[in-house]
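The values are calculated or read from the model by the stated rules, or taken from the named source; none is laboratory data. What you see is a predicted model, and the numbers here were worked out from it, not measured in a lab. Heads up, the Cβs are rebuilt from the backbone with ideal geometry, glycines too, and the neighbour counts pull from every protein chain shown. The accessibility values were calculated without ligands, DNA or RNA, using every heavy atom of the protein model including side chains. Shrake-Rupley method; radii C 1.70, N 1.55, O 1.52, S 1.80 Å.
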Amino acid sequence: MREQMRLMEERHAAEIADLRREFAQSTEQSTETDGSELTAEIDDLLDRMDDLEDQARVTPAGRGAFKLLDVSLNALFAAGGSTAQDDEIEQLNAGGHDPNRRGFTVQNVELILKGAVDPYFTATANIVYQIDRDGESQVELEEAYAESVALPFGLRAKVGQYFTNFGRHNPQHPHQWEFVDMPFGWTRMLGGDGMRGPGAQLSWLLPTDTAIEITGSVQNANGETMSSFVDPESQDGSSQSTFGAQREHEVRSLDDLVWSGRATASFDVDDEWTTLFGTSAAFGPNSAGSSARTSLLGLDATARWTSLEAQRGFPFLEGRVEYVGRDYEFDAFTDGSGRSQRSDSLNDETWYVQTVWGFTPDWTVAGRYEDFLGDAPQDTIGLEDRTRIAIAVTHYFSEFSKLRLQVSRDDSDLTGNATSVWLQFEFNLGAHGVHKF
Amino acid sequence: MRVSLIAAGALLCATLFVATPTARAEPTLRVLTTSTDLREIARAVGGSEVTVDCVVKGPEDAHYIRARPSLIRAAHSADVLIVIGRDLEMGYASLLREDSRNEKIQKGRLGFIDASEGIVALEVPTGPVDRSMGDVHPSGNPHYLTDPVNSKQVARTIADRFAKIDPDHADGYEKRRAAFERSVDVAMWGAALLAKQPARRLEKRLQRGQLASFLKGRGLEGELGGWAALLAPYAGRKVVSYHGLFVYLLDRFHLVEAAKIEPKPGIDPTPRHTLAVVRTMKSEAARVVLYASYQPERTAKQIAEQGNAVATKLAHMPGALPGSDSYLEAVEMNIRRLASALAATKEK
């Protein structure tokens with residue numbers, strides 16, 4: 001590259017020297033020619049100098065740099081306190097990236113690698129670093145997947161370890177959240193780290209004028225990130241989201257995997273309003289019985305308004321409501337309080353509604369109401385009826401850093417009321433993120 | 001499992017019921033652009049051979065578009081995606097391309113056009129850049145289409161590519177490109193002067209502030225018409241703008257941007273920086289403040305007042321303001337507004 005530039009410069013220098021010589025000659029000849037010829041000659045020289053100048057100044061778009069990877073590091077820290085004790089906070093904020101104690105929490109430090117693999121695939125990896133309550137560092141492979149670029153018929157394949165495309169909240173990473181913590185109903189139904197696992201997915205963008213997409217996916221049913229399915233943690237009682245006597249589970253047929261699907265349709269109401277409606281479902285085995293199964297059904301609706309004259313995306317208003325219902329079969333067992341439960345199924349539900357208002361550039365205020373309608377005996381920690389209301393104010397210093405203050409009020413049948421105040425700081429180092437809807 | 005299959009089937013049926021496939025006539029190229037000026041130029045060059053959609057509306061800030069599903073859907077069925085480039089679409093172009101599942105518009109394919117190819121970029125940083133400098137564009141200021149001269153280069157890039165993708169209509173693309181170029185030249189200089197001097201030579205003299213002496217030396221002062229006649233008298237005057245949206249327009253007419261209201265690209269003005277801007281306006285006699293529809297009018301007007309200047313709203317792209325729907329209308333509006341602001345502040 002440098003060599004080419006040097007050669008180009010040499011060539012330009014030589015051409016300019018030539019032009020100077022011609023210019024000198026033409027002024028010498030000026031006594032012999034009339035004015036108009038001289039002007040024409042000068043104009044011609046001017047044109048050639050203009051051309052040379054432009055040639056030297058044109059900077060090629062995306063000059064031949066080899067761009068292998070977009071690397072970024074996203075870090076979220078929280079500080080705050082709650083009227084609840086530390087061990088209760090852990091139950092109230094059961095999300096893997098929620099602030100989980102009085103004082104400081106390292107919520108999530110995420111290394112994101114993205115790039116084109118070849119002309120056929122792009123790939124993304126999210127590696128998460130965390131420091132747990134005991135000060136121990138933990139590393140976790142959150143996602144690592146490849147996606148096809150150009151399958152025909154509007155199809156797109158995804159292979160690897162990834163968040164299940166179930167609803168709006170589940171596939172989001174913590175830095176995309178509008179609140180400091182995740183909806184607690186989601187920690188119960190889809191797990192504190194979000195529902196994810198190794199698998200394969202195919203999605204189809206329909207050939208319709210309306211943007212309609214259908215996704216189907218199959219993933220392993222086991223692991224701590226498959227909370228409503230075969231979760232090993234449920235066997236030692238540390239999981240909040242399961243019920244019943246847990247047993248080992250082997251994969252014997254395709255039925256022993258988790259099958260999920262999602263359909264979305266999006267409409268632009270006008271130039272400023274966009275809506276998105278989605279239905280999701282997931283089916284798979286759970287470990288509460290020899291042939292017990294779980295079905296999850298999700299519904300969601302999002303509407304977003306952005307002013308046509310928005311500055312840096314503000315003002316905007318976004319409302320979202322999301323629901324998950326669960327049917328969780330279990331075999332007969334004797335629970336912790338010595339009661340014997342008959343073989344049955346748990347039908348619990350959760351939903352939240354949230355609104356985010358970007359009222360002026362770089363400032364948002366958000367409100368959220370969450371509800372969980374339990375079906376287990378009400379003294380089962382983690383499955384009791386509970387509501388929470390939260391308000392968060394966020395200031396974005398730029399697209400790459402933000403400060404958020406959140407106040408939330410919990411009302412649980414088991415742990416009672418608790419008020420928590422959290423301050424969250426985020427920074428993002430590296431590649432520019434994308435503005436997803 | 002049976003329950004799951006029934007549910008999945010019901011879901012699919014419900015979706016298919018909502019979906020109503022539409023038959024399309026195939027002979028035209030479907031083009032998607034990321035700015036309204038590109039849309040207008042693509043339409044001018046493509047004529048009836050193309051249908052052109054645009055991901056933004058005129059008043060919008062093209063830096064901060066969200067890749068909503070309808071845009072991804074539009075990218076999916078596009079034969080050609082034309083972007084401004086120079087990192088303007090950094091926040092969504094990659095998503096638009098990748099999520100589109102459309103091989104034709106991927107980088108390096110014929111259907112992907114970076115319109116900044118061949119443009120002489122301004123404000124290209126000379127040293128290393130990082131985010132402490134705000135939202136800098138490492139490959140130069142991307143708002144090059146505010147200078148009408150650059151639109152001719154863009155039309156050439158687009159016409160050449162259309163001809164490669166659709167060789168059957170190559171002649172038509174070239175003919176319409178030439179007509180577009182001619183309309184820009186005539187609007188810029190007037191037909192009389194163009195008959196005597198090539199546009200390119202005039203453009204350069206104008207940019208260097210040598211137009212008056214050049215025309216005088218050739219006895220052509222009386223022939224100057226068009227936009228150049230409106231703005232040429234103010235060559236050398238200084239103005240202030242909110243963001244670097246109009247740098248190329250100013251540079252073409254040998255006007256100087258003395259300061260920006262934003263301390264760094266994409267960073268809101270601070271009181272200290274505003275004070276410095278006002279001081280610069282006074283010391284350098286910069287008496288016009290330029291801003292766009294999505295930038296805070298109140299700030300622009302306050303600073304104009306403090307600096308004894310006039311605040312002027314310009315169309316950052318076609319459709320940004322009423323009456324600026326086509327590319328030539330938008331440029332004409334900007335030049336007329338700029339000229340009258342410069343005229344109004346001449347005697348102060």
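Tabulated values for the structure
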| item | result |
| --- | --- |
| Helix axis angle, A:2-29 relative to chain A longest principal axis, alpha carbon, degrees | 30 degrees |
| In nm, spacing of pseudo-spin labels at B:Lys196 and A:Val365 (7 Å Cα→C-beta vector) | 6.6 nm |
| Efficiency of FRET between A:Asp70 and A:Val353 - r from beta-carbon atoms, R0 25 angstrom, step 0.05 | 0.15 |
| C-alpha long axis of helix A:35-57 to longest principal axis of chain A, angle in ° | 30 degrees |
| Net length gained if the chain between A:Val58 and A:Leu155 were fully extended (0.36 nm per residue, minus Cα distance) | 31.0 nm |
| Nitroxide proxy distance, nm - points 7 Å out along Cα→Cβ at B:Ala229 and B:Ser183 | 2.1 nm |
| Residues with amide H under 5 Å from that of B:Leu29, placed H, sequence gap 5 or more | B:Val50, B:Thr51 |
| Under the Karplus curve 6.51 cos²θ - 1.76 cosθ + 1.60, θ = phi - 60°, whole-Hz ³J(HN,Hα) for the stretch B:252-266, x wherever Gly or Pro sits | 4, 9, 6, 9, 10, 7, 6, 6, 10, 5, 6, x, 9, x, x |
| For A:204-216, mean number of other protein chain Cβ atoms within 10 Å | 6 |
| Restraint check, B:Lys152/B:Lys301; A:Lys158/A:Lys436; B:Lys301/B:Lys346; B:Lys57/B:Lys264; A:Lys158/B:Lys104; B:Lys104/B:Lys152, Cα-Cα greater than 22 Å | B:Lys152/B:Lys301; B:Lys57/B:Lys264; B:Lys104/B:Lys152 |
| Counted charge near A:Val407, where neighbours are those whose Cβ lies closer than 13 Å (Asp, Glu -1; Lys, Arg +1) | +2 |
| Span from the the stretch B:150-229 Cα centroid across to the the stretch A:92-151 one, whole angstrom | 54 Å |
| Karplus-derived HN-Hα couplings along the stretch A:83-97 (A = 6.51, B = -1.76, C = 1.60, θ = phi - 60°), whole Hz, x at Gly and Pro | 6, 7, 6, 3, 6, 6, 4, 4, 7, 5, 10, 8, x, x, 10 |
| Shape parameters for the stretch B:140-188, alpha-carbon atoms, Rg then Dmax in Å | 11.9, 36 |
| Normalised convex hull volume, the protein assembly as shown, alpha-carbon set, Å³ per residue | 174 Å³ |
| Radius 9 Å from Cβ of B:Ala44, net charge of other residues (Lys, Arg +1; Asp, Glu -1) | +2 |
| Vicinal HN-Hα couplings computed from phi for the stretch B:239-245 (Karplus, 6.51 cos²θ - 1.76 cosθ + 1.60; Hz; Gly/Pro x) | 9, 10, 10, 6, 9, x, 5 |
| Chains A and B, summed buried accessible surface - 1.4 Å probe, Å², nearest 100 | 5800 Å² |
| Span-rule helices in chain B, defined as complete DSSP H runs reaching 20 Å or more along the axis (Cα) with Kyte mean at least 1.6 | B:2-18 |
| Amide H within-cut-off set for B:Ser324, under 5 Å, with H built and near neighbours excluded | B:Gly319 |
| Cα convex hull volume per residue for chain A (Å³) | 204 Å³ |
| Accessible surface, per residue, of chain B when the full set of protein chains is kept, probe 1.4 Å, Å² | 41 Å² |
| Two-site FRET efficiency, A:Leu254 against B:Glu305, from Cβ-Cβ distance with R₀ of 60 Å, rounded to 0.05 | 0.25 |
| Positive minus negative residues near A:Ser343 (Lys, Arg vs Asp, Glu; Cβ under 10 Å) | -2 |
| Label zone at A:Asp379 (point 7 Å along Cα-to-Cβ), backbone N below 13 Å, the stretch A:317-349 | A:335-340 |
| Placed amide H near A:Gly197: partners under 5 Å, 5+ positions off or other chain | A:Tyr162, A:Thr164 |
